Structures are given as structure tokens and as C-alpha cells.
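The values are calculated or read from the model by the stated rules, or taken from the named source; none is laboratory data. These numbers were taken from a predicted model, which means no experiment stands behind them. With ideal geometry, Cβ positions are generated from the backbone for all residues, glycine too; neighbour counts draw on all protein chains shown. Surface areas here come from the heavy atoms of the whole protein model, side chains and all, with no ligands, DNA or RNA. Shrake-Rupley method; radii C 1.70, N 1.55, O 1.52, S 1.80 Å.
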Amino acid sequence: MLFVVDIDSSYEAYLDGKLIDKFGPMEGRRYLGLPKVYLPLGPAYAGKTLTLRIYSPYSFIGLFGTPRIGGRAELVAEVVDIGMSPLMIGLFLMVLGLVSLFLFALRTEDKLYFYYAGFALGLGAHIACRSVMREFLLDLGPWWSYIELGGNAVGGASLCAFIGQLFGGG
């Protein structure tokens, strides 16, 4: 197997001229997300030619991250090893955000709980969506990118409101 963290945006993979995998259309402007790519090379891949045909209507194109080659079990173990820390940190932050949201529900006059909940939930979603293990949880396609960017917006705005409420004006 060959593992690539991201290919932006659509691709076709050929091994000695034979199509082995594809993702997305090779024309148009539809955004399908950044797929985690597992290419099956077969047991006798040495000496063969791997060709990637990549299409992107945007200014970004190509492979992101270091491509890794190995057996399926080895690659899955490596992806779990690399992706577990960000996923666990993101989930922990989201749990803290939910606890803070619960505390806000008990004391609605104290807005600090609400603003901290927005910050923790937004940052937690952003970090969890950045994990290379995200495809093991759910196959959401481009929604992973939308949640990641939305988490940035909610987390940043909530952090500003939290600091403003905590320290007050002046």
C-alpha cells in the first residue's frame, strides 16, 4: 500500500498504465475535500511505474505530507500512531466545551461559561478534524474541511468574547 495524507483535489492513479484508484472529477470546480489516500500496489510492486494524474481548479495542487509505503497493517498502525494525539486532544477539548455548556445552562447569567464552551468546542473540532485518523471515524468527504474551518471561526470569535467578558472594557 501507498499512503498519502492529502492529494489536492482530484486524482487518478495508474500502476504500469492500469487504473488502480480515482477520486473526484477531472474537470469542473466542485470541491470534494482532501482525501486520505490508500493505493493498493499489490505484492510485486517493485520495478513498476506509479503515475498520479492530479487535477485541481485552484492554485493548490499536488501531494501534501510525506508519502509512506508498506503493508496495510503497518500503514494503519502508523496512521493511528500519528493521528491519535490530535484526535484525543480535540475530543478532550470538546468534552470540556460540553461541560462548560452544561454549566452555562445552570447559570445563564454568567456568559463566561458560554464563551468558553464556544472556544473549546470550536478549537476541539478544528484539532480533531486535522487528525489523519478522521477517515477512520466517519467518511464525511468535504464536510471535514467545512467543520475544521467553522471550528476556527467559532473558536476565534468565542475566545475574543471570553477575554472581553473576563477582563472587561478598558
Self-check item: Helical contribution to [θ] at 222 nm, DSSP H n ≥ 4, -39,500 (n - 2.57), averaged over the chain, rounded to 500
Solution: -17000 deg cm²/dmol
Quiz prompt | Alpha-carbon centroid distance for the pair segment 85-122 / segment 146-161, whole angstrom | solution = 13
Exercise. Name the long-range amide H neighbours of ILE20: under 5 Å, sequence gap of 5 or more, or other chain; modelled H, no Pro or chain starts.
Key: ALA13, TYR14, LEU15
Practice problem: Helix by helix through the chain, keep the DSSP H runs that span 30 Å or more along the axis on Cα and average at least 1.0 on Kyte-Doolittle, and give those back in order. | Solution: 72-106
Practice problem: Among LYS36, LYS111, LYS48, determine the one that fluctuates most according to a GNM of the chain built with springs between C-alpha atoms less than 10 Å apart. | Solution: LYS48
Quiz item: Rounded to a whole number, what % of the accessible area of the chain do carbon and sulfur atoms account for, probe 1.4 Å?
Solution: 66
Practice problem: Report the extension gain between LEU166 and PHE136 in nm, rounded to one decimal, defined as 0.36 nm multiplied by the number of residues separating them, less their alpha carbon distance. | Solution: 6.9 nm
Quiz item: Within segment 18-156, how many Lys pairs sit with Cα atoms under 29 Å apart, leaving out pairs fewer than 8 places apart on the same chain?
Solution: 5
Practice problem: Quick one: give the max-minus-min coordinate of the C-alpha atoms of segment 1-91 along each principal axis, largest first, in Å. | Solution: 37, 36, 16
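Give, in whole angstrom and from largest to smallest, the semi-axes √(5λ) of the equivalent ellipsoid of the chain, with λ running over the eigenvalues of the Cα gyration tensor. Please report the intermediate quantities before stating the final value.
Working: eigenvalues 334, 64, 24 Å².
They are 41, 18, 11 Å, listed from largest to smallest.
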Quiz item: Rg and Dmax of segment 98-166, using alpha carbons, in Å: what are they?
Solution: 13.6, 40
Quiz prompt | Positive minus negative residues near THR49 (Lys, Arg vs Asp, Glu; Cβ under 11 Å) | solution = +1
Quiz item: If each of ASP110 and PHE64 carries a label point 7 Å out from its Cα toward its Cβ, how far apart are those two points in nm?
Solution: 3.9
Quiz item: Taking springs between alpha-carbon atoms closer than 10 angstrom, which of GLU27, GLU148, GLU135 fluctuates most in the Gaussian network model of the chain?
Solution: GLU27
Quiz prompt | Amide proton proximity set for SER9, modelled H, under 5 Å, gap of 5+ | solution = TYR55, SER56, GLY62
